[in-house]
Structures are given as structure tokens and as C-alpha cells.
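Below: one structure, written as C-alpha cells.
The values are calculated or read from the model by the stated rules, or taken from the named source; none is laboratory data. Bear in mind that the values here come from a model prediction, so they are computed numbers and not experimental data. Glycine gets a Cβ as well: all are built from the backbone with ideal geometry, and neighbour counts include every protein chain shown. What goes into the accessible areas is simple: the full protein's heavy atoms, side chains included, and nothing from ligands, DNA or RNA. Shrake-Rupley method; radii C 1.70, N 1.55, O 1.52, S 1.80 Å.
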Amino acid sequence: MRYHNDSVEKTRAELANRLFFRLYQCANMLHKTGTRAVEDLGLTTQQWAVLGALSRPEAAGGMSVGDLARYLLVSRQNLSGLLSRMERDGHLSSDPDGRDRRSRLITMTPSGKQVWNEQATPRINDYYEQALADFSISDMTHSLHYMLKLLDNMKRLDGEGRSVEVESVESDAALEA
């Protein structure tokens, strides 16, 4: 009986290694090919994720840096330089939060909204269509389900323990965006 358990454990370990390696490769290709789709607009995949997050109806009034970092699952430090560059490029503004003067509220500028809505979004949608070629609606639904399940487990490992299943598919605005 021990032989069977060893075989199952070995198979799980091998499959887990392959799965996480493919996930790593997909993330790298997303950054490479996704950036290529929007680079002539002066954007990267990280910037498109920020614009996507800020374009959601729930973020219409802006987001604090901390909330944006939590939403994107990045550190405030990693986000800080990115936000500064996007503000310099005219896509974002950073103003004191009226509810908490110590906090900054990040919003898209009219220029940022124009770039996002009129230029970036059509290209991103074309990119998605190409990257998801041969995926059925069912394939996409199942993939999303398993990615959310994996993300939930990873968040638990990270100590957050909050379920991501409660977030609607619509809130997965561009990249998760």
C-alpha cells in the first residue's frame, strides 16, 4: 500500500512542478507579448493593470495606494514608482484623500481615460482574442475557476486568507487587471 501512496505523491509533485513552471512561463509571455500590444502607447502590462483597476465602476472615485496595491497583489513599494511614472506621463493624478489626509487617492486623468478607453482597450481585447484562440467559453470559465482556486490557496499561504471567489468576473477588468 505504501508503494501506491509514494507513486501518487510523486505524480502530484511532478504535475505540480509542470503546472507552476507553465504558469511562470505564461506570466513571462504575458509581460512580453502583452507589453508589445500596447508599448507604442507608452504602456506596459503593469500600467495596463493599474488603468484596468482604476477603470472599474467601483474605483470611479479613485483608490488609495494601499487599496490599489492590495487589489493588484503587489507591494506599495513596487507600485509607488509605477504610479509616479504614470502620473508624470499624464495618465494618473494623486491627490490627498478627503477622508484621510495621510492617504493619497489615485485617479485616472481625462487623458488617462482617453488612452485607456479609446486606444488601449481595443488593443487589449485583440490581444486577448489572439492569446485565447481555440478557447471556448467553457474553457475560459473553467480556467478562471481554477486560477481563482489557486490564487485563493496562495493568498492563504501568504496569510491573507481572504477568498477571491467573491470578486465578480466583471471586476477582473483588463488583466488582472
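When the residues of segment 89-113 are filtered to those that are of a type outside the set (Gly, Ala, Ser) and closer than 12 Å to Gln47 by Cβ, which remaining residue is surrounded by the most Cβ atoms within 10 Å (Cβ to Cβ)? Let's see the steps before the verdict.
Of segment 89-113, the ones of a type outside the set (Gly, Ala, Ser) are 89, 91-92, 95-97, 99-102, 104-110, 113.
Filter again for closer than 12 Å to Gln47 by Cβ, leaving 89, 91-92, 108.
Numbers: Asp89: 15, His91: 25, Leu92: 23, Met108: 23.
My answer is His91.
Beta carbons closer than 6 Å, at least 6 apart along the sequence or on distinct chains, pair a first residue in segment 85-112 that is in a helix (DSSP H, G or I) with a second that is at pLDDT below 95 for Glu87/Ser94.
Looking only at residues of segment 36-74 that are under 15 Å from Glu118 (Cα atoms) and not in a helix (DSSP H, G or I), we find that the one that is most open to solvent (accessible area, probe 1.4 Å) is Gly42.
Taking the listed residues Ala133, Ala120, the one that is within 16 Å of Arg56 (Cα to Cα), of a type in the set (Gly, Ala, Ser) and either at pLDDT 95 or above or open to solvent by less than 60 Å² (accessible area, probe 1.4 Å) (or both) is Ala120, with no other qualifying.
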